[in-house]
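Before any comments, here is the structure.
The values are calculated or read from the model by the stated rules, or taken from the named source; none is laboratory data. Quantities reported herein were computed from a predicted structural model and do not represent experimental measurements. Every residue, glycine among them, receives a Cβ derived from its backbone with ideal geometry; neighbour counts consider all protein chains shown. Heavy atoms of the whole protein, side chains included, go into the accessibility calculation; ligands, DNA and RNA do not. Shrake-Rupley method; radii C 1.70, N 1.55, O 1.52, S 1.80 Å.
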Amino acid sequence: MKLHSGSPYWLLKHGLVTVVPALQQDETCDVGVIGSGIVGALIASALVDRGFDVVILDRRDVAQGSTVASTALVQYELDVSLTALRGLVERERADHAYALGAGAVGELAGICRSVGCAAMPRLSVYFTRKRSDLDVLAAEMDARRSMGLEVEWAGASVLWERFGLKAAGGIVSRAAAEIDPYALTHALWRHCRARGARLYDRTRVRAVEETGAGVVLHTARGPVVRAAYVVHATGYEAALCLPPGLARLNTTYAFASEPVGLRGGGDMIWEYAPNYVYARWDGGRLLAGGLDEPYGLTSPSECGLEGKTADLVRTMRELMPALEIEPAYAWCGSFASTADGLGFICPAAPGSRRLIALGFGGNGVTLGVIARRMIVELIVNGFSRDEDLFSLYRTSAAQWPRPADAGS
């Protein structure tokens, strides 16, 4: 599956960074991790810090899947609003999911510091351009306040004066951060390798065999990896292997602008709309994305990137008319979403030693931080206290919101 096309900004900014060999001989370890993107790196670093012997495999070069195409808006929000999620699951479970996200944003800052990467605290603005949606967003703000999240309302004048944003109103949240996802991933791999983890790229796992003693990873190159557990951190590509109806694949579009200078202190924005846009900053460059389409209509290898980039640039100019926005790099990528906005972090089947960590949705980095803790719990304790919330078998995973909820 082709996960991105065009000119992903982080790859142009940093290059390949981590160059490792392909697997040439059999390996034995405590835990095998399939996937070298940011979720795999977050999980592997937690495992090596707990003393586990870890081997990591990826069919591509290191971090060359969805991670290199991510705009990495680090927020606690899910693609499904808190009010909508309360309609899908019990209120306590919905609130807990949002609380986990808020906690993960703070935890990520500590992870970044531990490997020498920056994590800048930011404000996040969840806005609407339509006055008819203001009551919906006001109710969402009340729901978040009721569970203790620090949020405030910003009307049209405040959005313009503080953020340079031409919109009707929105919710300002304090639990958000700005990171370089690609640099963080490579920093985590340096950390893992310094502690004995073995990382191999260009090595496709063609089959995973469960045995009484653990698992055997059979690679297309011939060598095998024997482990007590395997973690599937293969990202959006894994959506093709899940039971029908659990995830939907989409194509999203993004661009990085020529340097234009900051507005709003570099804070990030995210639109409440069925076909929303979002944006953050990297230095003086605006990184914007959105205008998603179902993967069946356009895949990253076929996408009308030029036309979609023009649409996205036009939308951002309307939202931020004080800026002279010109695209420097543009790309498109695949991502998967779930009906309730939550990913999947659990055993592949009851009692299985195959664990999955799929941070589906628009905040995969945040879910990767949650998975980091949960995977360790599943291996050490045999269960995780939040396993039911992210299970493949939860009822809400198969219940897609009505079209009226799609913007949330």
For this session: Provide the gained length on full extension for the span Glu306 to Ala194, in nm with one decimal, where the gain is 0.36 nm per separating residue minus the Cα-Cα distance.
Result: 36.1 nm
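In terms of solvent-accessible area of protein heavy atoms at a 1.4 angstrom probe, what is the ranking of Leu291, Leu184, highest value first? Walk me through the intermediate numbers first.
Details: Leu291 25, Leu184 0 Å².
Sorted descending by solvent-accessible area, the residues read Leu291, Leu184.
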Exercise. Using a 1.4 Å probe on the protein chains only, how many percent of the accessible area of segment 127-245 belongs to carbon and sulfur?
Worked result: 49
Problem set entry | Solvent exposure ordering (accessible area, 1.4 Å, most first) of Tyr98, Tyr393, Tyr200 | Tyr393, Tyr200, Tyr98
Exercise. Short version: ³J(HN,Hα) in whole Hz for each residue of segment 59-68, in order, from phi by Karplus 6.51 cos²θ - 1.76 cosθ + 1.60 (θ = phi - 60°), x for Gly and Pro, what are they?
Worked result: 6, 9, 5, 4, 6, 9, x, 5, 4, 5
Seminar exercise, completed: Expected unfolding gain across Arg145-Glu90 under the 0.36 nm per residue rule, minus the alpha-carbon gap, is 18.1 nm
Seminar exercise, completed: For Glu258, the residues 5 or more places away or on another chain with a placed amide H closer than 5 Å to its own amide H are Glu326, Ala328
Exercise. Please state the relative contact order of segment 139-247 as a whole percent: Cα pairs under 8 Å, 6+ residues apart?
Worked result: 12
Seminar exercise, completed: Put Tyr126, Tyr329 in order of accessible area, largest first, probe 1.4 Å, and you get Tyr329, Tyr126
For this session: Could you rank the peptides 220-227, 113-120, 254-261 by their average count of other C-beta atoms within 10 Å per residue, with the highest value first?
Result: 254-261, 220-227, 113-120
Exercise. Within segment 62-83, whose backbone N sits under 20 Å from a point 7 Å along Cα→Cβ of Asp135?
Worked result: 81-83
Seminar exercise, completed: Per the helix-only model, the chain has a calculated mean residue ellipticity at 222 nm (DSSP H runs of ≥4, -39500 (n - 2.57) each, divided over all residues, rounded to the nearest 500) of -9000 deg cm²/dmol
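Among all helices in the chain defined by DSSP H, which have a length of 27 Å or more along the axis from Cα atoms plus a Kyte-Doolittle mean of at least -1.0?
91-114
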Seminar exercise, completed: Pseudo-spin-label distance Leu12 to Glu210, built 7 Å along Cα→Cβ, given in nm, is 4.5
Exercise. Which one, (i) 125; (ii) 182; (iii) 148, gives volume of the Cα convex hull per residue in Å³ as derived from the coordinates shown?
Worked result: (i)
Problem set entry | Cα→Cβ-extended label distance, 7 Å offset, between Ala99 and Trp153, nm | 2.6
For this session: Determine how large the accessible area of Asp135 is when every protein chain is in place; take a 1.4 Å probe and give Å² rounded to the nearest 10.
Result: 130
Problem set entry | Amide H within-cut-off set for Ala348, under 5 Å, with H built and near neighbours excluded | Arg354, Leu355, Ile356
Exercise. Say R0 is 51 Å: what FRET efficiency, to the nearest 0.05, do Ala273 and Gln25 get from their beta-carbon distance?
Worked result: 0.50
Seminar exercise, completed: In debye to the nearest 20, the charge dipole size for segment 125-167, taken about the Cα centre with +1 at each Lys and Arg Cβ and -1 at each Asp and Glu Cβ, equals 220
Problem set entry | Pairwise centroid distance, computed over Cα atoms, of segment 138-158 with segment 336-378, Å | 28
Problem set entry | Net length gained if the chain between Ala349 and Arg385 were fully extended (0.36 nm per residue, minus Cα distance) | 11.3 nm
Seminar exercise, completed: Taking alpha-carbon centroids only, segment 75-98 lies from segment 194-257 a number of Å equal to 28
For this session: Report the accessible area of Asp180, computed with a 1.4 Å probe over the heavy atoms of all protein chains in place, in Å² rounded to the nearest 10.
Result: 30
